[in-house]
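Report on the structure given below.
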Amino acid sequence: MDGWFEEDEEVFVHARDPYTRVDILPSSRHIEVKVDGVTVADSHQPRLLFETGLPVRYYLPKTDVRMGLLTPTETRTHCPYKGTAEYWSVTAGDTTHEDLVWGYPTPLPESAKAAGLVSFYNEKLDIYVDGVLEEKSKTNF
């Protein structure tokens, strides 16, 4: 089998759930991301991604991320709502945290607002929203 289709549209990973939504909204909130106390990102122009059943994800422009602390990895994941993600590891001090950051260079049309931005696992690092440390999310990630 070369592909899986619903009508004439190819399906990636699994069929989309009609009860799952993905909304991406621009925001002016101040988002700061820290790994082991090291500031990795600082932005006043995030896009907030709301996806049914998951915590809010903060997608940030790469210009607001210390990309020199990130190393690309070979990891790729696939989402039927967003497309194929590429990953980076973060080095803070002497410690490298594998696959902590991801982005969608060419997302599916319904998630186009996330194109070229990067996001961080809320569950594995510190995210400050308007100066307030968010509680770490509990998910399968």
Whole-number percent relative contact order across segment 5-133, with pairs defined as alpha carbons under 8 Å at least 6 apart:
24
Which whole-Hz couplings ³J(HN,Hα) result when phi for each residue of segment 37-53 is put into the Karplus expression 6.51 cos²θ - 1.76 cosθ + 1.60, θ = phi - 60°, listed in order with x for Gly and Pro?
x, 8, 6, 9, 8, 8, 9, 10, 9, x, 10, 9, 9, 9, 10, 3, x
Backbone HN-Hα couplings from phi across segment 60-66 [Karplus 6.51/-1.76/1.60, Hz, Gly and Pro as x]:
10, x, 4, 5, 9, 10, 7
Rounded to the nearest 20 debye, what is the charge dipole size of segment 5-133 about its Cα centre when +1 sits on each Lys and Arg Cβ and -1 on each Asp and Glu Cβ?
420
Pop the C-beta distance of residue 7 and residue 78 into the FRET formula with R0 = 22 Å and round what comes out to the nearest 0.05.
0.65
Which residue, 100, 69, 48, has the most motion in a Gaussian network model of the chain that connects Cα atoms within less than 10 Å?
69
With a cut-off of at most 12 other beta carbons within 10 Å, and DSSP calling the residue loop, which GluC sites (Glu not before Pro) in segment 1-98 qualify? Please list them.
7
Simple SL model, points at 7 angstrom along Cα→Cβ for residue 39 and residue 56; separation in nm is 2.1
Placing each pseudo-label 7 Å from Cα in the direction of the beta carbon, residue 29 and residue 113 end up separated by a distance in nanometres of 1.3
Indicate the gyration tensor shape class of segment 70-141 (rounded, prolate or oblate), computed on the Cα atoms with a ≥ b ≥ c the square roots of the eigenvalues: a/c under 1.5 is rounded; otherwise a/b larger than b/c is prolate and the rest oblate.
oblate
Within the chain, how many Lys pairs that are eight or more residues apart, or on different chains, come under 20 Å at the alpha-carbon?
10
For segment 5-133: rounded, prolate or oblate by the Cα gyration tensor [a/c cutoff 1.5]:
prolate
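Where a number appears in this text, it was derived from the coordinates with a stated rule and is not lab data. What you are looking at is a predicted structure, and each value in this text was computed from that prediction instead of being measured. Backbone-built Cβ (ideal geometry, glycine too); neighbour counts: all protein chains shown.
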